[in-house]
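Below is one structure, written out as structure tokens; the observations come after it.
The values are calculated or read from the model by the stated rules, or taken from the named source; none is laboratory data. Bear in mind the structure is a predicted one, so any value in this text is a computation, not a measurement. Positions of Cβ are generated from backbone atoms using ideal geometry, with glycine treated the same way; all protein chains shown enter the neighbour counts.
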Amino acid sequence: MASMESAQELIEVVTALRSANDALIKATTSGDVVEATRLLQDVAVLERRRNRLVHKSSPEIARTTSSYESSIPLRDQVIQALQLTGRPSSARLVSDVTKSRWAERVDTAKLSSLRRDEARSWRRSQELPGRQARDVYVVPALTYDRFTPVRGTIALSTWPTSLRLIAPLSPRVDMLHSTVALAEEASAVAGTNYESPMMRLVARLGATIPGVKPFGGEPHAVIEAARAELREIEETDELERSEAAERAHAQLDAEVLLFGTQIRTVTSRVAGGSG
Amino acid sequence: MTNAPGPLESFRGEFPRQPLNARRVAGALEAPGCQRRTALDAAAVNLDKLGSLISGTPTDRQSPFALTRGNQFEQQVVANGMAEIVSLARRHLNLEIPEVRQHDLSASALQEAYPGVTGTKMNELRARLTRQRAEEMLADPAHAYNLIRHAMTRLDFGGETVYLEQDVLAFAIGGRIHVVEIKSYPRIDGRADPTKASATVRQTAVYALSLQQLMLEIGAQPDVVNTTTMIVLPENLSFRPTAVTIDIDMYVRRLRRQLASVPRAAEILDAIPAGTRLPAHPPNGAGADELAAAGTAAREALAALPPRFTDGCVSCPLFHHCRDEAELHRSTARLGSAVAGACGNVTDIAAAIDLAEGRREPADASEAAVAATLARGAAAARLAAGGLA
Amino acid sequence: MNALQTHQALLAAAERRAIAKTTRRHVHLSPRPLILVGYHLAGDPGAPLALMWGTSPGEEPHCIVVPEPRNRGLRFEALAEFAAEFLAYLSEFEGRDEAGMCLDAPQLVVPNAATAEWLCGIVGRFTRNLRADGDAPAPPSVPMAGKHLSFFADLMPGSSLVLAATDALTTHWQTGQLPSEDLNLAALLGWIDPPTGTDGPQAARAGEASPPAGPDSDPNWDAKTLAELIKEWHGADGDASEFAVRREIEGEIREQLAPAWADCWRALDRLDSLPAAEHVISRWQSDRRNWTDHCDRIAEDRAYFRNIPTPLQAAMRLKILEDRTEHLQREMAWDDPLVMAAAVASGEALAGRVVAAEPERRTRNANGRTVRRPLITIEPTLEFSRPAGTTLFLSTNPGVMLEMLPSDPSGLIRAEACKGANQNNTIGFLPNPGDEVVLSPYGKPEFYKRSKLEVIPWTHQQILEDESEESQ
């Protein structure tokens, strides 16, 4: 900014003001009304200019982040986190990602009601003229066989169906993919305040991957190890998921495709119940 | 009249309200299908204040110079017993206005006669007085007031009745109501800025429709309201008033259809989590922390209302907020109605691109159609890049 | 919006950077442009507040301010200062060649279309007929400048005499924001050219926060700063304090308009990075001719302007505008494969590979005469479903006209040449087997009904009746 120039200008104005005030005293005491009136006006002009310069030079926080980003609603925190992980994620992971990447707390207690609210919102939207649905919904992941909601996992409605279905190997596959995505993001935010928390998160996730040294959570190493393990298990998982997706498209209506089948038994606390 | 607040009242909570005006109603219909706006408009939430609170910057939306010029032009036009209007009406509407007997129903004009009446009570009073005056004007044209200024009428919006500020002049002459609008943008060489002119016409239609409804309320026919309206504008760059007349019947009918398809606000609020409400607006001089907290709470409440981001959103006080939200959601709507329309039910930008480039299987027939169209676009670009002339 | 543009918009949003819509530059860039930025008082386009202009990015631009924009005396004083320099700039382009055509034409560069419309359409319109007599007379340079500005108000699509930076940029780049957001020059440049360390959306938001490019000033700045300064002006007593306030206003204005000034130069820089399209030269020739004719009219005092067109003139003008727009689109497609790609994407143009050619083929035409109709068979790269009888032109040589023949089940497309490659001296233009070709609906104007492109614009026609123009 032109802070050097403004500082110089301010000094000039204050100096001019000082001499104008001195002259004003002389004119007033000597009874020169005309001169005094003129000087009064000059002083007023100079004071306003001084005030303006002072206001201008006070540090204005450069607004590179919009106020929207400075504390976004829970729903959008979740959406943002899921876009980063790119795979069905647990509430814990969503919370950790949000804290590490954006330094914000997620009220996890509200997450279960969020899932419920989303379903309700979608259902209502279907009843409105023109079926005005939202651009994206937070939805549960579904089991690949019975299409029931997987407890504690959330996904985005805009993802392909196969990605939202959980087959036997899926939790591990998804965790590995998310770890890769987070490791890449950690590299992208190198040099910022988010670097350390992201590195710690990546290290924690990477610790479970064979081939990654304990406390050796360097992003490249984690990515390589994760990809190595994926090469072994991913193909089977993709096959199972896409077959399940085909079945889902054939059998399910729009609501179930998004939110899963509801377990209609009254006593849902049966031991070993799905969901 | 029950004491329990309805869903709209509950949602608005202690956030300031403001009666709607035609500009706001017309603006709402430019961005149709937005449940967020519908709920806020039906609840008569002060949208400018909400916009400033959420964006964190107190913004004046109009320059003081533009306001002054507008006021000056209006003063000139209504001076000397509305001499200019009388003359223009004679020339352009073929209307002979005898001596103007005007009544001012603005809140400021009524404050003296009705001390202590504020807020909703004032709106009710103004609406009641408007109704009475209208009845008198039609029953006894020779002696009653023949011009009401700053009337307050009502409008059905999203299943709710909202108060509407009438910024037009409504003359009752010869058993009919004639609407005159005063605007301060210029008419240069016989043409006014088409964007401003069409906005004015849409707004006048709102006033006319509301007046028609008032007629029904007092047992008169809606066609008492003359749909040929007069708009007074400065000629070229001077302050000399000129006028255009326009038959807004078509616009009034379109407006009626649009209003009919506004979803029920009560239904919209039925779908949001119980207890969602706007915060109170911090008082003047509140600290940055207080404002930030209120802003956060407001954003949280708004998130429950589904928006519909389109090109028409630019004039809404919430524009930046909803745009940033659409951007975070990576939705095709962020790119405008043309792109969103071309992508149909595919609302996610990455999904649309993946479909175009064959990286994603269409889930149904409509996705397949979108994929095919976009794929052509992508392929054509690739061909061009490959050096084809 | 066609499929290609939609795809480009999606890509821009995903990559968070503007995507190139062209491979060439389709506007002429003058070596000596005049950049103009300015404000008028809110709500009063007839009351200029300030103008800033210059011909070099390195130098400090000239600036005039009207400390009380509603004061006609001050207004014409400022306009006179602007007019003198404006005329001096234009006079650099009066030199002629042996044929009597001006060696080069001026180029005005403004931040956006609204500034062009205000400066040329309104300021020009209302200064061109000012009288040198009467009360508050204006110096003769002002109406002269007004006549020139009025000329610049009435340009056709394809002209580069006036460049609105936003229009020029959106012709060549696709952003990931709303089309109406592209009207903000700073935001638009943010998408096209984000500073290192930021991306398109971030740079666009920073751009939005900067002072507006005009012709409307920031209403908050109006309320906070301008109002106070104008009040100070009114309170100023004597030359010294007036001078001081003037200096202050000029300082504030320069600060407000500085981003618009810099952004215009940035825009020219970005455009300069693209190689010129082929038809840019011929279009600039037209501009030079247009400028020359205008200078002739001015010199012979024939530069009258009509304010209100007759219905016939209005209709003709619309037709000419349509023709010119279509013509410009055609030239851009010929010059630029990426622009042509839009027609391929929409199914209007055929892209494919020639698999067979019969240069000697002859058929009988409707009169029974034997005519030479070379045939090419094309394997389409993208599905093309226009019917038999459709007329197409070789994109690389639009003089070659072809007609589609009925298709056969093989899916290959057969087209016969009707013109432009039917004789021994032109058969070489026929594509060979193995060639990748694009056949488009864009043909040379000879094949179209010629519109009267030489007609004098209605604004410049000599008026027959007395024009009672009040001095504003």
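Overview of values
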| quantity | calculated |
| --- | --- |
| Candidate set: region A:68-94, residues that are in contact with a Lys or Arg (Cβ under 9 Å, 6 or more places away or on another chain) and in a loop (DSSP other than H, G, I, E, B); chosen: the one modelled with the highest pLDDT | A:Pro88 |
| Elements of type helices (runs of 4 or more DSSP H) contained in region B:39-142, each with 1 or more residues being within 14 Å of chain C (Cβ to nearest Cβ), closer than 30 Å to B:Arg323 by Cβ and touching a residue at least 12 places away in the same chain (Cβ under 8 Å) | B:47-55, B:64-88 |
| Options B:Leu237, B:Leu278, B:Leu233: the member that is within 14 Å of chain C (Cβ to nearest Cβ) and part of a loop (DSSP other than H, G, I, E, B) | B:Leu237 |
| Sole residue being surrounded by fewer than 14 Cβ atoms within 10 Å (Cβ to Cβ) and either within 17 Å of the chain's Cα centre (by Cα) or among the hydrophobic types (A, V, I, L, M, F, W, C) (or both), chosen from C:Ile281, C:Ile298 | C:Ile281 |
| Residues being within 9 Å of chain B (Cβ to nearest Cβ), not in a loop (DSSP other than H, G, I, E, B) and not charged (D, E, K, R) - total across region A:123-165 | 4 |
| Unique match (being closer than 30 Å to C:Pro380 by Cα and at pLDDT below 95) among C:Arg362, C:Arg306 | C:Arg362 |
| Only one of B:Arg334, B:Arg308, B:Arg359 that is in the same structural domain as B:Glu267 (by TED's automatic domain parsing), under 27 Å from A:Asp76 (Cα atoms) and surrounded by fewer than 23 Cβ atoms within 10 Å (Cβ to Cβ) | B:Arg359 |
| Count of residues meeting criterion [facing another protein chain (nearest Cβ under 10 Å) and crowded, with 17+ Cβ neighbours inside 10 Å] in region B:240-268 | 4 |
| Residue in region B:163-210 that is nearest to the other protein chains (Cβ to nearest Cβ), counting only those that are of a type in the set (Phe, Trp, Tyr) and more than 19 Å from B:Pro241 (Cα to Cα) | B:Tyr207 |
| Residue selected from region A:68-103 under the condition among the basic types (Lys, Arg) and more than 7 Å from chain B (Cβ to nearest Cβ), by the criterion nearest to A:Leu176 (Cα to Cα) | A:Arg87 |
| Failed criterion for C:Asp193 (all others in (1) surrounded by fewer than 22 Cβ atoms within 10 Å (Cβ to Cβ); (2) out of contact with any Lys or Arg (no Cβ under 7 Å at 6 or more places or on another chain); (3) acidic (Asp, Glu) hold) | (2) |
| Any chance A:Thr208 is away from chain B (no Cβ under 11 Å) and either out of contact with any helix residue (DSSP H, G or I) (no Cβ under 6 Å at 6 or more places or on another chain) or on the phi > 0 side of the Ramachandran plot (or both) | yes |
| Options A:Val202, A:Val173, A:Val180: the member that is of a type in the set (Val, Ile, Thr), at pLDDT below 95 and surrounded by 14 or more Cβ atoms within 10 Å (Cβ to Cβ) | A:Val202 |
| Criterion: out of contact with any Ser or Thr (no Cβ under 7 Å at 6 or more places or on another chain) and surrounded by fewer than 17 Cβ atoms within 10 Å (Cβ to Cβ) - qualifying residue of C:Pro398, C:Pro374, C:Pro380 | C:Pro380 |
| Qualifying residue in region C:228-244 (condition: assigned to a helix (DSSP H, G or I) and farther than 30 Å from A:Asp42 by Cβ) | no |
| Filter result (under 25 Å from B:Asp193 (Cβ atoms) and free of Cβ contacts under 8 Å to residues at least 24 places away in the same chain) within region C:35-70 | C:Gly43, C:Val66 |
| Pick from region C:294-309, criterion of a type outside the set (A, V, I, L, M, F, W, C) and without any contact (Cβ under 8 Å) to a residue 40 or more places away in the chain, ranking: nearest to C:Leu130 (Cα to Cα) | C:Asp301 |
| Residue tally, condition within 14 Å of another protein chain (Cβ to nearest Cβ) and part of a strand (DSSP E or B), over region C:383-423 | 5 |
| Condition broken by B:Leu291, with the remaining ones in (1) modelled with pLDDT under 95; (2) outside any helix (DSSP H, G or I); (3) surrounded by 13 or more Cβ atoms within 10 Å (Cβ to Cβ) satisfied | (2) |
| Residue that is part of a loop (DSSP other than H, G, I, E, B), away from chain B (no Cβ under 14 Å) and β-branched (Val, Ile, Thr), where the choices are C:Thr198, C:Thr171, C:Thr115, C:Thr166 | C:Thr198 |
| Residue tally, condition in a loop (DSSP other than H, G, I, E, B) and more than 22 Å from the chain's Cα centre (by Cα), over region B:152-185 | 2 |
| Residues of region C:130-153 that turn out to be in a loop (DSSP other than H, G, I, E, B) and surrounded by 19 or more Cβ atoms within 10 Å (Cβ to Cβ), as a count | 2 |
| Flag for C:Ile281 being at pLDDT below 95 and either part of a helix (DSSP H, G or I) or within 14 Å of chain B (Cβ to nearest Cβ) (or both) | no |
| Within region B:95-113, tally of residues that are closer than 14 Å to B:Ile177 by Cα and loosely packed, with under 13 Cβ neighbours inside 10 Å | 1 |
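The rows are residues; the columns are (1) touching a strand residue (DSSP E or B) at 6+ places or on another chain (Cβ under 9 Å); (2) within 14 Å of chain B (Cβ to nearest Cβ); (3) part of a helix (DSSP H, G or I); (4) among the hydroxyl-bearing types (Ser, Thr, Tyr).
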position	(1), (2), (3), (4)
C:Leu155	yes, no, no, no
C:Gln177	no, yes, no, no
C:Gly190	no, yes, yes, no
C:Glu208	no, yes, yes, no
C:Pro211	no, yes, no, no
C:Lys224	no, yes, yes, no
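Each row is one residue, and each column tells you yes or no for (1) assigned by TED's automatic domain parsing to the domain that holds C:Val280; (2) within 30 Å of C:Ala206 (Cα to Cα); (3) under 20 Å from the mean Cα position of the chain (by Cα); (4) buried (at least 22 other Cβ atoms within 10 Å of the Cβ).
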position	(1), (2), (3), (4)
C:Gln107	yes, yes, yes, yes
C:Val123	yes, no, yes, yes
C:Asp167	yes, yes, yes, no
C:Thr175	yes, yes, yes, yes
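Residues checked against (1) in contact with a helix residue (DSSP H, G or I) (Cβ under 7 Å, 6 or more places away or on another chain); (2) crowded, with 23+ Cβ neighbours inside 10 Å; (3) basic (Lys, Arg):
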site: C:Pro337; (1), (2), (3): yes, yes, no
site: C:Ala342; (1), (2), (3): yes, yes, no
site: C:Ala351; (1), (2), (3): yes, yes, no
site: C:Val354; (1), (2), (3): no, no, no
site: C:Arg369; (1), (2), (3): no, no, yes
site: C:Phe384; (1), (2), (3): no, no, no
site: C:Phe393; (1), (2), (3): no, yes, no
